[in-house]
1. Pulled fully out, how much extra length does the chain show between residue 125 and residue 29, if you take 0.36 nm times their separation in residues and subtract their Cα-Cα distance?
2. Taking 0.36 nm per residue of separation and subtracting the Cα-Cα distance, what length does fully extending residue 96 through residue 163 add?
3. Report for the stretch 54-108 the percent antiparallel among DSSP-assigned beta bridges with both residues inside it, nearest 5.
4. Given a 1.4 angstrom probe, I'd like the percentage of the accessible area of the chain that is carbon and sulfur, rounded to a whole number.
5. What is the spread of the Cα atoms of the chain along each of their three principal axes, largest first, in whole Å?
6. Among the DSSP beta bridges whose two residues both lie in the chain, what percent are antiparallel, rounded to the nearest 5?
7. Of the listed peptides 184-191, 117-124, what is their order by residue-averaged count of other C-beta atoms within 10 Å, with the highest listed first?
8. Which FRET efficiency value, to the nearest 0.05, is calculated for residue 56 and residue 179 with the Förster distance at 35 angstrom and r the Cβ-Cβ distance?
Amino acid sequence: DALATVVGNDHVSLDPKQCAAASADIFVWPDAVVAQAVVRPASTEQLAQVMRALAQSQVSVVPRGAGLSYTAGVVPSGAAVVIDCLRLKHIQVFADDLYAVVGAGTTWQELALALKPHGLRAAQISPISGSHSTVGGVASQNLPGGLEHFIGLTVVLADGTVVTTGSGAKRGASAFTRYAGPDLTGLFLGDCGAFGIKTELVVRLT
């Protein structure tokens, strides 16, 4: 009930079939555990509230995007609630400074279409499944390898705290520089969401 109050009744599911589908990637993992529930936040603030509620109840969390990996990174290994990030969709293009701010649930195809009128593309290599794979998923899985062109993140930590990394976190600074001190952006890349759930990514353009 607490989660439904945050994201709406339609975006919290206890349906066994939906929970099973959200507890797998493209392979069948014999030790996979079906999620207790699936929650679909639509914003950083919603996710922060969800994480605070789950932390108070000491519930484990597994974040996922499109689920097209083959690493079991989105597969629960114990009792957990799955956070489905596919509603985190938005794109802001800063063509002059060659970066875009992208919701974690945005697909690579959606980003490519948004950049096309500007004559730009993402500098980050995208997977061949880019019509469905998400920008946040690639950053979390470290696939297809090399994450240099993610230059900033917005991340929700386990207790609901929101963290912004990269120079986008500095007041009055453009977000096109990643290294504005310790590389805290790198901490959250390739972590499969273990250190925090990415809601927004700053992507370098070319």
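1. Full extension of this stretch gives 31.8 nm more.
2. 21.5 nm
3. Beta bridges within the stretch 54-108, antiparallel portion: roughly 50 percent.
4. Carbon with sulfur: 55 percent of the solvent-accessible area.
5. Cα spread of the chain along its principal axes, largest to smallest: 47, 35, 30 Å.
6. Rounded to the nearest five, the antiparallel share is 75 percent.
7. Output ranking for 184-191, 117-124: 184-191, 117-124.
8. Computed FRET efficiency for residue 56 and residue 179 comes out at 0.45.
The values are calculated or read from the model by the stated rules, or taken from the named source; none is laboratory data. None of the values given here were measured: they were computed from a predicted structure. Ideal geometry is used to build each Cβ from the backbone, glycine not excepted, and the neighbour counts take in all protein chains shown. Note: areas computed on protein heavy atoms with side chains; ligands, DNA, RNA excluded. Shrake-Rupley method; radii C 1.70, N 1.55, O 1.52, S 1.80 Å.
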